[in-house]
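Here the structure comes first, spelled out in structure tokens, and everything after it is commentary.
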Amino acid sequence: MTATRPDGPGPAPAAPNTVMRALRADLSPREFATAVRRAAREIGEHVSCDARYVGRVESGEIRCPNYAYERVFRHMWPGRSLRDLGFAPRTAARGRPSGGGPAAVPPLDDPHRPDEENDDVRRRTFLSGGPTALATALGLDGPAPAVTPPPHAAPRPGLPAPRKVGAAEVRVVEQAVRDIRLLDDAHGADRLLEMAGRSLRDAYVLLNDGQYGSATERRLQAGAGELAISVGWLAHDSNRLMDARSFYSEALATARMAGDAALEAHVFCNSAFLARDAGRPREALRAAQAGQAAARRLGSARLLSLLSMREAGGWALLRDRTACEQALGRAYALFDRGASAADPEWMSFYGEAEIAGLESQCWAALGRWDAAGERAGRAVGLQEPQFVRNRALYTAELAHDLLGRGDPAGAAGQASAAAVLLGRVRSARIRGMLAHTAGRLREHAGVPEVRTFLDAYREAPAAA
């Protein structure tokens, strides 16, 4: 509820945030802002905190920080909630009804809006645009329904009422996550990223600006977090690794604030994979192990198996064969317990083909090309037809492994098959793998199969 002055309508003066002022202690506002930015970098976040922002916090002008700042403040002062730090609850700052009736929500360009600082979800440059067909498939792209002003709300020109969010809106967010996964399997990430990012933006608009009850809030947080992970994966597969890292950070913040262990485990699983591909094996290990800690209370052996495979990938990059084999053993033992009702919906891809493909990556990183090729070949043979992107991935890996063990003719054959599949899906990550193999095959251009592949590859869509 918006407080009023005794002498007439209008917002009451902001109450100073004495807690944050006390935490600043003897530091100047500029020095304190530097400490905040340093803490943000420690957790992979970016905030442009300056002395002016510190002043707005301490004056009470910023009643509640946005999610990025909340994540940083909680990193600086572990165990403290927003209220412990002197802020208002996010629901109150957003304008949710409280006690005496609903309050109007400031528009997005209001300079006094609590969450306008560094809203990294809305300001991403690739959140809009995309083909009409994908807009229809992903939803959340149509005009918002008309909003009826809540009863007893005093009309204020230029300030729209909060949009009521219920089960129907949450189902749209949840379905968008499913649609992205299905379309990625069939078409690859490159064609989906922009449209999926637009859906993510809209989901966080509902979460940040909507009016809803506690049950809807839990589902909406989970849906928005899963959507952030899906968009992060699309960025990863499109070789936009820093964008992927940012989306995963957003999803992790949502998981932590919602106390959602399943969402947290999913974020860490994807983050471990990203760190491995980015050449940061220690980070991959930490993420995989953190994911296992979150997943142990969920009762899904398959989820723990996948996280153990992520850990094995980190050990392989570190060339620690013993630790890698131990993690692989745990992964297979957990996998062999079979599927269960506790397995997350997003794990539909994790079958025998995927675990074989992930094992092949470990052996390749360790330089054991025979084992890598055997497992990659198994992954190709077991992969279900609808997973076109993964078939292209495993085939490209098999080409890489065959070349590693000294079989350029066999590598060229598999590379040709991968190039054909990449004519049907768009994945910058897989195209990069194939381009690397093609570059190495040029040293063997005298082999007839290699020469045939290289001639065809120069004209293939996969080379674009």
| task | State whether the residues of the stretch 455-462 include one that is outside any helix (DSSP H, G or I), surrounded by 23 or more Cβ atoms within 10 Å (Cβ to Cβ) and among the small types (Gly, Ala, Ser). | result | no
| Contacts under 7 angstrom Cβ, first residue in the stretch 193-218 being in the same structural domain as ARG181 (by TED's automatic domain parsing) and part of a loop (DSSP other than H, G, I, E, B), partner at pLDDT 75 or above and buried (at least 19 other Cβ atoms within 10 Å of the Cβ), 6 or more apart | TYR212/VAL165; TYR212/LEU220
| note | Per the filter on the stretch 332-357, residues of a type outside the set (A, V, I, L, M, F, W, C), within 17 Å of ARG310 (Cβ to Cβ) and touching a residue at least 60 places away in the same chain (Cβ under 8 Å) are PRO344
| said: Suppose we filter ALA293, ALA339, ALA333, ALA287 for residues that are surrounded by fewer than 16 Cβ atoms within 10 Å (Cβ to Cβ) and closer than 22 Å to GLY225 by Cβ; which single one remains? | reply: ALA293
| task | Considering every residue within the stretch 309-330, establish whether at least one is of a type in the set (Ser, Thr, Tyr), buried (at least 23 other Cβ atoms within 10 Å of the Cβ), modelled with pLDDT of 95 or more and part of a helix (DSSP H, G or I). | result | no
| message | With touching a Ser or Thr at 6+ places or on another chain (Cβ under 8 Å), surrounded by 17 or more Cβ atoms within 10 Å (Cβ to Cβ) and of a type in the set (Gly, Ala, Ser) as the only criterion, which of ALA356, ALA365, ALA392 stands out? | response | ALA392
| Out of all the residues in the stretch 403-410, is one or more among the charged types (D, E, K, R), under 19 Å from GLN361 (Cβ atoms) and touching a Ser or Thr at 6+ places or on another chain (Cβ under 7 Å)? | no
| Condition broken by ARG442, with the remaining ones in (1) over 19 Å from ALA365 (Cα atoms); (2) under 33 Å from the mean Cα position of the chain (by Cα); (3) surrounded by fewer than 22 Cβ atoms within 10 Å (Cβ to Cβ) satisfied | (2)
| task | Answer yes or no as to whether ALA399 is more than 28 Å from the chain's Cα centre (by Cα), surrounded by 19 or more Cβ atoms within 10 Å (Cβ to Cβ), outside the structural domain of LEU234 (by TED's automatic domain parsing) and among the small types (Gly, Ala, Ser). | result | yes
| When residues of the stretch 405-439 are limited to those that are over 36 Å from the mean Cα position of the chain (by Cα) and not in a loop (DSSP other than H, G, I, E, B), the one farthest from ALA244 (Cα to Cα) | ALA409
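The values are calculated or read from the model by the stated rules, or taken from the named source; none is laboratory data. From a predicted model like this one, the values you see are computed outputs, not experimental measurements. Ideal geometry is used to build each Cβ from the backbone, glycine not excepted, and the neighbour counts take in all protein chains shown.
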